[in-house]
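Please read the structure below before turning to the comments.
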Amino acid sequence: MAANTSRQKVLVFRELPPDQLARLQAQHEVTVANPRVPGQLPAFHAALASAAGMIGSSYPINEALLAHAPQLKVISSVSVGVDNYALSALAARGILLCHTPGVLTETTADTIFSLIMASSRRLVELASHVREGRWTRNIGEELFGWDVHGKTLGILGFGRIGQAVARRAALGFGMPVLYHSRRALDLATALPELAGKATHMPLDELLRRADIVAAVLPLSAETRGLMGAREFGLMKPGAIFINGARGAIVQEDALLHALDHGTLRAAGLDVFATEPLPMDSPLRTHPKVTALPHIGSATFETRHAMAVLATSNLLQALAGERPAAVFNLETAAI
Ligand code: NAP
C-alpha cells in the first residue's frame, strides 16, 4: 500500500466507543451501520459499496458480501478469532485482515476459569436457590459440587489464551495440565513457569485422561465439529466440558446427548453454534449447563483495549503503513 493521507470511506459495522469513533472521524468519512440492528442493514449494504475500510465484529463477512465491496482494502476485526471472514476471498483480492490478539488474553482466560469454577461448584444453580428463596435448610449432598483444585485440566488449543488458562490452573489451583495443539512446545524455553506442569498429547489421550476439558482453539475447517459423539464418549465418566472458543467446534446434539444419556457431569459454555442462543435451544435451560452470552472478553477495560487496537490497525492500514496486528500478512497487498 502506498502512503495515503486522503480521507477515505470507513464502514463501522459494530458500535465503537466514542473516543475511538472520534479518532476515525477525524481522518476519514465514517458510516456506522450495524447489520444486526433492525433497520440498519440497508445502510450497511449502501456503505459497503464504497468502503475502503471496515471495522467491527460478530458478523459474517462472506464472499458474497465482499463482492459488493469493490473498493475494500482492509477489514479490522475487533476480535482475535477470524472465523467470520472469508479468508480465501480476502487473499484473492489482497485485502488486509487485522485482529486484536493479546489484549484480550487474560480476560478471556478469566472467563474460562470462571466457567470451570461455576460448572464444578454449581455456582449459578446454587446462587439461584438463594435468589429464589429455596435455601430453607442446610444443603445436602444432592447439591454438593466437585473440587477444582488438584483435578487434571485438558486444554484444547495452547496459544495465548490456552496458556493463560494453564497458568491459572497449574500455578493457582495445583492442577496437572494436559494440552492438545498441532505442535508441542518446548516449555523449558517457551514457558518455563509451566515446565513440568503441562504435557502435550494427542486429542484422544487428553480426552481419556482429563477431569475437565476446556476448548480454546480457533474455529477452522479442521476444528469445526471437533467435539462430537465419539469425542464426548472418550471423556472420563463424570468429567466436565468447557467451551471458550467458538460454538461450531462442538456438535451440540452430541453434547446434549452426552449430558442426558452419557456420563458428562456438566458443561460450561460461553459460545454457541448460533448466537444469540435461540430461545428453543435445550442448552439454554439445561440443568447441567452453565451458559454465558459470549462474554469471553467483555469487560470495560478489555473491550476498550480491543477497540483501541482495532482502530489503530485500521488507521495504519488506510495510511499505507503496516498495522500492529495483521492476521493475513502473507496474502495482503501491503
Ligand atoms: P492463538 O494464540 O492463535 O492460539 C490458538 C491455539 O490453537 C494454538 O495453540 C494452536 O496451536 C492451536 N490450534 C490451532 N488449530 C488447531 C487444530 N486444528 N488442532 C489443535 N490445535 C490447534 O489464539 P488465542 O488468542 O489463544 O485465541 C484462541 C481462540 O479463542 C480464538 O481463535 C477465538 O476463536 C477464541 N476466543 C474466544 C473468546 C470468547 O469470547 N469466548 C475470546 C477470545 C478468543 P497449533 O498451531 O500448534 O495447532
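The values are calculated or read from the model by the stated rules, or taken from the named source; none is laboratory data. The structure displayed is predicted, hence computed values, not measured ones. Neighbour counts run over all protein chains shown; Cβ positions are idealised from the backbone, glycine included. To get the accessible areas, we keep the full protein, side chains included, count just its heavy atoms, and leave off ligands, DNA and RNA. Shrake-Rupley method; radii C 1.70, N 1.55, O 1.52, S 1.80 Å.
At 1.4 Å probe radius, can you tell me the per residue accessible area of the range 60-113 in Å²? If you can, show how the numbers build up before the last one.
Values: 1890 Å² over 54 residues.
Averaged over the residues of the range 60-113, the accessible area is 35 Å².
Using the Cβ of Thr108 as centre and a radius below 11 Å, the other residues enclosed give a net charge of -2, where K and R count +1 and D and E count -1. Of the GluC sites (Glu not before Pro) found in the range 39-133, the ones in coil according to DSSP and having at most 13 other Cβ atoms within 10 Å of their Cβ are Glu132. Between His28, His45, His261, find the one with the highest GNM mean-square fluctuation for the chain; connect C-alpha pairs within less than 10 Å. With Cα springs under 10 Å in the chain, the top fluctuation among His28, His45, His261 is at His261. DSSP assigns beta bridges within the chain; of those with both partners inside it, close to 5 percent run antiparallel. Estimated from helical segments only, the mean residue ellipticity of the chain at 222 nm is -9000 deg cm²/dmol, where each DSSP H run of four or more residues counts as -39500 (n - 2.57). With a ≥ b ≥ c taken as the square roots of the eigenvalues of the C-alpha gyration tensor of the range 58-198, please select rounded if a/c is under 1.5 and otherwise prolate if a/b is larger than b/c or oblate if it is not? Here the range 58-198 falls in the oblate category.
Taken as entire DSSP H runs, the helices of the chain that both span 20 Å or more between Cα atoms along their own long axis and average -0.5 or more on the Kyte-Doolittle scale are 105-121, 300-318.
So how do Val37, Val32, Val289 rank on accessible area, 1.4 Å probe, biggest first, that is with the largest at the start? Don't jump to the answer; show the numbers that get you there.
Details: Val37 45, Val32 70, Val289 20 Å².
Result of the area sort, largest leading: Val32, Val37, Val289.
When all alpha carbon pairs of the chain are counted in 10 Å bins from zero, the resulting P(r) reads 5, 24, 29, 23, 14, 4, 1, 0 %.
Where the accessible area of the range 105-291 is counted over protein heavy atoms with a 1.4 Å probe, how much of it, in %, is carbon and sulfur?
Values: 4910 of 9160 Å².
Percent of accessible area from carbon and sulfur atoms in the range 105-291: 54.
For the chain, what relative contact order do you get, as a whole percent, if you take Cα pairs closer than 8 Å and at least 6 residues apart? Answer for the chain is 21 percent.
Using R₀ = 51 Å, calculate the FRET efficiency as 1/(1 + (r/R₀)^6) where r is the Cβ-Cβ separation of Leu41 and Leu191; round to 0.05.
On the way: r = 45 Å, r/R0 = 0.88.
Computed FRET efficiency for Leu41 and Leu191: 0.70.
Note on Lys197: aspartates and glutamates with a C-alpha under 18 Å away, same-chain residues under 8 apart excluded, are Asp186, Glu205, Asp211.
Could you calculate the contour length gain from Glu275 to Gln27, that is, 0.36 nm times the residue separation minus the distance between their Cα atoms, to one decimal place in nm?
Values: separation 248, 0.36 × 248 = 89.28 nm, distance 3.37 nm.
Working it through step by step, the gained length comes to 85.9 nm.
Near Met54, the amide H atoms lying under 5 Å from its own belong to Leu11, Val74, Ile75, Ser76; only residues 5 or more places off or on other chains count, and H is placed 1.01 Å from N. Could you give the longest part of the chain that holds none of the chymotrypsin sites (Phe, Trp or Tyr not before Pro) found in DSSP loops with at most 16 neighbouring Cβ atoms within 10 Å? Longest gap between qualifying sites, sites excluded: 147-334.
For Lys73, the lysines whose Cα falls under 26 Å of its own Cα, not counting residues fewer than eight places away in the same chain, are Lys9. For a straight C-alpha distance cut-off of 28 angstrom, the lysines reachable from Lys288 (same-chain residues fewer than eight places away being disregarded) are Lys151, Lys236.
Classify the range 190-334: rounded, prolate or oblate, from the alpha-carbon gyration tensor (a ≥ b ≥ c, eigenvalue square roots; a/c under 1.5 rounded; otherwise prolate if a/b is larger than b/c)? Intermediate results must be reported in sequence, preceding the final value.
Values: a/c = 2.23, a/b = 1.63, b/c = 1.37.
Since a/c reaches 1.5 and a/b is larger than b/c, the shape of the range 190-334 is classed as prolate.
Each peptide in 206-216, 90-100 gets a packing score, the mean of other Cβ atoms within 10 Å over its residues, and the list from highest to lowest is 206-216, 90-100.
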